[in-house]
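**Q** Got a structure for you, questions after.
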Amino acid sequence: MATVDLKDVRKVYAGGVEAVKGVSIAIPDKALCVLVGPSGCGKSTLLRMIAGLETISAGTCSIDGKVVNAIGPTERDIAMVFQNYALYPHMKVYDNMAYGLRNRGTPKDEIDKRVRATAQTLELEHLLERRPRELSGGQRQRVAMGRAIVRNPKVFLFDEPLSNLDAKLRGQMRVEIKSLQRKLGVTSVYVTHDQLEAMTLADVLVVMNAGLVEQLGAPLDIYEKPASTFVASFIGAPPMNLLPLRGGQLEDAITLPEVSGNATMIGFRPEDCEVGADGATSSDGLRLMARVDGVEPVGSESFLYCAAGGGKIVVRVAGRTEVLVGDQLPIFARREKLHFFGSDGKRV
Amino acid sequence: MAEPKALMAEPKALPPASGHDKLMIGQSKAGIYVAHAILILGIVIVAFPIYYTFVASTHSLQTILRPPLPLLPGDRFVENYSEALFGGVGRIGGVSVTTLLFNTTIVALGIAIGKIIISILSAYAIVFFRFPLRMVFFWLIFITLMLPVEVRILPTYKVMVDLGLIDTYTGLIVPLIASATATLLFRQFFLTIPGELVEAARVDGAGPWRFFKDILLPLSRTNIAALFVILFIYGWTQYLWPLLVTNRNDMNTIVIALKKMISFADADTEWHLVMVTSMLAIVPPILVVVLMQRWFVRGLVDTEK
């Protein structure tokens, strides 16, 4: 239905603070683009600029090929789901959903048809006569979604919509949002600080840091080839192990493959580690000795928190483990699972 | 809606010995008796003069002037009240109390509604719009809080005379209509409205006027009701300004007329009519409080958010 194009978008606040320092993203039609990053990275500001709730200091934002810098949120034909839902507390669920349509002068029977259809999609029919305060968190979330869907806009904007829900409900709603977005085929921008949400929802994943795009791409590509140490430590839970290289050498290393370029940082994911001397016979990989500082059995897997190579690393082992705190273990990671980063933090 | 009713309910009998679960922690039974005794004493102190006024309003002038005044109502209820309401009171030029009640109602309603409209609009402007000198205007309003009406009474009076507004409802209402207190109250309330709600309305296509009408006004309902009660009584009991700005007897408010009815010479005062007028002057504010108390309490204690 619509593409969203950001070209060198900047946001400078009155005090001179630059929240967004030149971001260019092209979101294809019907794609779900997730902006992820730590708090203060400018992802929400960027979303609010797309919504038209913040002015754009420089650069252009286009929706469906049309530059929308100068037009207000109403005319942009977008719908937004807010973190705190922002339901109108004095209106019934029905009116909450109908309000946007009424303001646009939609005929009454058309409003009724659309509200009821949306309510059916979201299983809200029995709640239409209730007020927001009589609803649970998950139901409010649904109403907020319904308010966006019923308008049938060009673009959906989600501002951390699941962060107020409990973990179980969050997982449920995540799946629902994804399938709903697929079904409706509406281009969407989704802001979150939760890397799991980002990974599972995104068609296009944008990792932001300090007002800049750190990496942009398909979620698994980013996971497999993080462009910088920031991305490496932000995407994936627990994050990638990063150890410093000194002159191409790693402390505690038994074997170390040839270090590419002028790398100063070596990285490997906790799940790419193999434990024990008999792990793999291939010497083409990193083998180092680690001292176990802590063991966290989760059930399906266990995490070993170790000191090794002049830093801290996390090792994931499947199922239960017999390893005890204080054990010395050889850790092995295959050559192709190793990542190298230069002194500027970029991948080499 | 259960809470306000509980406030109005008749005092319940003291809890039986087994009803200790109803007691507050650390509260003894003796404490409850003492508390009730104090409460009842308070009610008697407040209510007795009103009861006595009512008693006096049902006796003839002769009975009132010959002390002691009986403690039970007399038989002149209908005569006294109809004389005051429909006949007219001699000392204020034969104007009936009905006229006075009408005048005062207009003035009190005018002041209450006018104040609410003006203050809610100024608070709306100050909270939700960015315009040059916004804070200057805010502080100007804030500073007027410290100026009582009495301070500006001479210039205001002069303006009213020049505009020919003496003895008009406009003259009675308009100078009292601006309210820094109500503006601040609404401002504080508006500041608690989450920014996301404002933004949601913008995304939903509500312009400033729609947002005000559809979102802000309904959310302010309880505040408006609470303010209305307070301001209605404020308007009803105005004394100094109506005294200055009205000369004609038929433009008096009931409070001013009450003052005029009382002569220095006891025998010259129609005390039974004064008492009737006093009773009638009390009724509308009481009605407003009782009828709106549900809203009033809600406005003071909770916000619908």
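**Q** Name the residue, out of B:Ala125, B:Ala180, B:Ala30, whose mean-square fluctuation peaks in a Gaussian network model built on chain B with Cα pairs under 10 Å.
**A** So, out of B:Ala125, B:Ala180, B:Ala30, the one fluctuating most is B:Ala30.
**Q** Counting each DSSP H run of 4 or more residues in the protein assembly as shown as -39500 (n - 2.57), what helix-only mean residue ellipticity at 222 nm follows after dividing by all residues, to the nearest 500 deg cm²/dmol?
**A** Mean residue ellipticity, 222 nm, calculated: -13000 deg cm²/dmol.
**Q** Ignoring ligands, DNA and RNA and using a 1.4 Å probe, state the total buried accessible area between B and A in Å², rounded to the nearest 100. Before the final figure, lay out each step's value.
**A** Values: alone 17790 and 15960 Å², together 31850 Å².
Its buried surface, counting both partners, is about 1900 Å².
**Q** If I take R0 = 30 Å and measure r between the Cβ atoms of A:Ala58 and A:Ser179 in this structure, what FRET efficiency does the formula 1/(1 + (r/R0)^6) give, to the nearest 0.05?
**A** Numbers: r = 37 Å, r/R0 = 1.25.
Computed FRET efficiency for A:Ala58 and A:Ser179: 0.20.
**Q** What aspartates and glutamates does A:Lys11 reach when the alpha-carbon gap must be under 13 Å and sequence neighbours fewer than 8 apart in one chain are set aside?
**A** List returned: A:Glu54.
**Q** Just for the Cα atoms in the stretch A:112-205, what are the lengths along the principal axes, largest first, rounded to whole Å?
**A** That gives 37, 29, 17 Å along the principal axes, largest extent first.
**Q** Using 7 Å Cα-to-Cβ label points, what is the B:Val161/A:Ser233 separation (nm, one decimal)?
**A** 8.0 nm
**Q** With a 1.4 Å probe and every protein chain left in place, tell me how much accessible area A:Tyr99 has, in Å² to the nearest 10.
**A** 10 Å²
**Q** Viscosity 0.692 mPa s, temperature 37 °C: what is the translational diffusion coefficient of the stretch A:184-256 from Stokes-Einstein with a Kirkwood Rh over Cα pairs, rounded to a whole number of µm²/s?
**A** The diffusion coefficient I find is 234 µm²/s.
**Q** If you plug each phi of the stretch A:247-264 into the Karplus form 6.51 cos²θ - 1.76 cosθ + 1.60 with θ = phi - 60°, what whole-Hz ³J(HN,Hα) values come out, in order, with x for Gly and Pro?
**A** Taking θ as phi minus 60°, the curve returns x, x, 10, 10, 4, 6, 6, 8, 10, 9, x, 4, 7, 6, x, 10, 5, 10 Hz for the stretch A:247-264.
**Q** For a quick check: with amide H placed at 1.01 Å from N, whose amide H comes under 5 Å from B:Thr253's, ignoring anything fewer than 5 positions away on the same chain?
**A** Sorted by chain and number, the residues that satisfy this come to none at all.
**Q** Using a 1.4 angstrom probe on the protein heavy atoms only, line up B:Ile64, A:Ile254, B:Ile193 by accessible area, largest first.
**A** Correct descending sequence by accessible area is A:Ile254, B:Ile64, B:Ile193.
**Q** Check A:Tyr190: other-chain or 5+ apart residues with amide H under 5 Å from its amide H, H built from backbone geometry?
**A** So A:Tyr190 has HN proximity to A:Cys33, A:Val34, A:Leu35, A:Phe158.
**Q** Using 1/(1 + (r/R0)^6) with R0 = 45 angstrom and r between the beta carbons of B:Ile143 and A:Lys168, what's the FRET efficiency to the nearest 0.05?
**A** Efficiency, from the Cβ-Cβ distance: 0.25.
**Q** Using only alpha carbon pairs under 8 Å that are at least six residues apart, calculate the relative contact order of chain A and give it in whole percent.
**A** On the way: 743 pairs, mean separation 57.0, N = 348.
Across chain A, relative contact order equals 16 percent.
**Q** Once you have a ≥ b ≥ c as the square roots of the Cα gyration tensor eigenvalues for chain B, tell me rounded if a/c is under 1.5, and otherwise prolate or oblate according to whether a/b is larger than b/c.
**A** Verdict is oblate for chain B.
**Q** Stretch A:Arg246-A:Ser260 to full length: gain in nm at 0.36 nm per residue minus the Cα-Cα span?
**A** 3.7 nm
**Q** If you don't mind, another one. Can you compute the modelled spin-label distance between A:Lys346 and A:Thr200, with each label point 7 Å from Cα toward Cβ, in nm?
**A** 3.5 nm
**Q** Solvent-accessible area of B:Tyr52, probe 1.4 Å, all protein chains present, reported in Å² to the nearest ten, please.
**A** My reading of the accessible area for B:Tyr52 is about 80 Å².
**Q** Anything over 28 Å Cα to Cα? Flag those among A:Lys66/A:Lys225; A:Lys178/A:Lys225; A:Lys21/A:Lys183; B:Lys158/B:Lys259; A:Lys43/A:Lys225, in the order listed.
**A** With Cα atoms farther than 28 Å apart: A:Lys66/A:Lys225; A:Lys21/A:Lys183.
**Q** If you take every DSSP beta bridge fully contained in chain A, what fraction is antiparallel? Give it as a percent rounded to 5.
**A** Working: 55 of 73 bridges.
DSSP beta bridges in chain A are roughly 75 percent antiparallel.
**Q** Apply the Karplus curve 6.51 cos²θ - 1.76 cosθ + 1.60, θ = phi - 60°, to the phi angles in the stretch B:282-291 and return the couplings in whole Hz, x for Gly and Pro.
**A** 7, 4, x, x, 4, 4, 4, 5, 5, 5
**Q** Remind me, relative contact order of chain B in percent, using alpha carbon pairs under 8 angstrom and six or more residues apart?
**A** Here the relative contact order equals 28 percent.
**Q** Taking H as built 1.01 Å from N, whose amide H comes closer than 5 Å to the amide H of A:Met80, not counting residues under 5 places away?
**A** For A:Met80, the qualifying residues are A:Leu157.
**Q** How big is the equivalent ellipsoid of the protein assembly as shown along its three axes, where each semi-axis is √(5λ) from the Cα gyration tensor, reported in whole Å from largest to smallest?
**A** 73, 31, 23
**Q** Still on this structure: In chain A, which longest range has no GluC sites (Glu not before Pro) that are both DSSP loop (not H, G, I, E or B) and surrounded by at most 12 other Cβ atoms within 10 Å?
**A** Between the exposed loop sites, the longest stretch runs A:130-257.
**Q** Another question, if that's okay. Determine, from the Cβ-Cβ distance of B:Leu121 and B:Ile45 and an R0 of 30 Å, the FRET efficiency 1/(1 + (r/R0)^6), rounded to the nearest 0.05.
**A** Once rounded, the FRET efficiency stands at 0.10.
**Q** For every other residue with a beta carbon closer than 13 angstrom to the beta carbon of A:Ser228, add +1 if it is Lys or Arg and -1 if Asp or Glu, then tell me the sum. Could the numbers behind the result be given before it?
**A** Working: positive: A:Lys225, A:Lys346, A:Arg347; negative: A:Glu214, A:Asp344.
Once positives and negatives cancel, what remains is +1.
**Q** Distance from a point 7 Å along Cα→Cβ of A:Lys7 to each backbone N in the stretch A:43-61: keep the residues under 14 Å and list them by number.
**A** Of the residues in the stretch A:43-61, A:58-61 have backbone N under 14 Å from the label point off A:Lys7.
**Q** Which of these, B:Leu244, B:Leu154, B:Leu61, has the largest mean-square fluctuation under a Gaussian network model of chain B (Cα springs below 10 Å)?
**A** Between B:Leu244, B:Leu154, B:Leu61, it is B:Leu154 that shows the largest mean-square fluctuation.
**Q** Ok, one more. Kindly point out which whole DSSP H helices in chain A project their C-alpha atoms 15 angstrom or further along the helix axis while averaging a Kyte-Doolittle hydropathy of -1.0 or above.
**A** For chain A, where a helix must reach 15 Å along its axis and average at least -1.0, the hits are A:93-103, A:137-149, A:167-184.
**Q** What does the net charge come to around A:Gln328 if you take all other residues with beta carbon closer than 15 Å to its beta carbon, with K and R at +1 and D and E at -1?
**A** That works out to -3.
**Q** Label points 7 Å out from Cα along the Cβ direction at B:Ser263 and A:Ala318: separation in nm?
**A** 11.1 nm
**Q** Which ³J(HN,Hα) values, rounded to whole Hz and listed in residue order, are derived for the stretch A:226-242 from phi using the Karplus coefficients 6.51, -1.76 and 1.60 in 6.51 cos²θ - 1.76 cosθ + 1.60 with θ = phi - 60°, glycine and proline given as x?
**A** Calculated HN-Hα couplings, in order: x, 7, 8, 5, 4, 5, 4, 8, 8, 9, x, 9, x, x, 4, 6, 10 Hz.
**Q** Let me ask something else. Straight-line reach from B:Lys29: which lysines have Cα under 20 Å away, leaving out those fewer than 8 places along the same chain?
**A** B:Lys12
**Q** Can you spot the aspartates and glutamates whose alpha carbon is less than 17 Å from A:Lys168's alpha carbon? Ignore those fewer than 8 places along the same chain.
**A** A:Glu160, A:Glu176, A:Asp194, A:Glu197
**Q** Quote to one decimal, in nm, the extra length available between B:Thr53 and B:Tyr239 on full extension: 0.36 nm per residue of separation minus the C-alpha distance between them.
**A** Details: separation 186, 0.36 × 186 = 66.96 nm, distance 2.06 nm.
So the extension gain works out to 64.9 nm.
**Q** What length, rounded to one decimal in nm, is gained on full extension from B:Arg210 through to B:Lys29, with 0.36 nm per residue of separation minus their alpha-carbon distance?
**A** Length gained between B:Arg210 and B:Lys29: 59.6 nm.
The values are calculated or read from the model by the stated rules, or taken from the named source; none is laboratory data. All of these numbers come straight from a predicted model, not from anything done at the bench. Quick reminder, even Gly has a Cβ in these numbers, built from the backbone with ideal geometry, and neighbours come from all protein chains shown. SASA here: full protein model, heavy atoms, side chains in, ligands and nucleic acids out. Shrake-Rupley method; radii C 1.70, N 1.55, O 1.52, S 1.80 Å.
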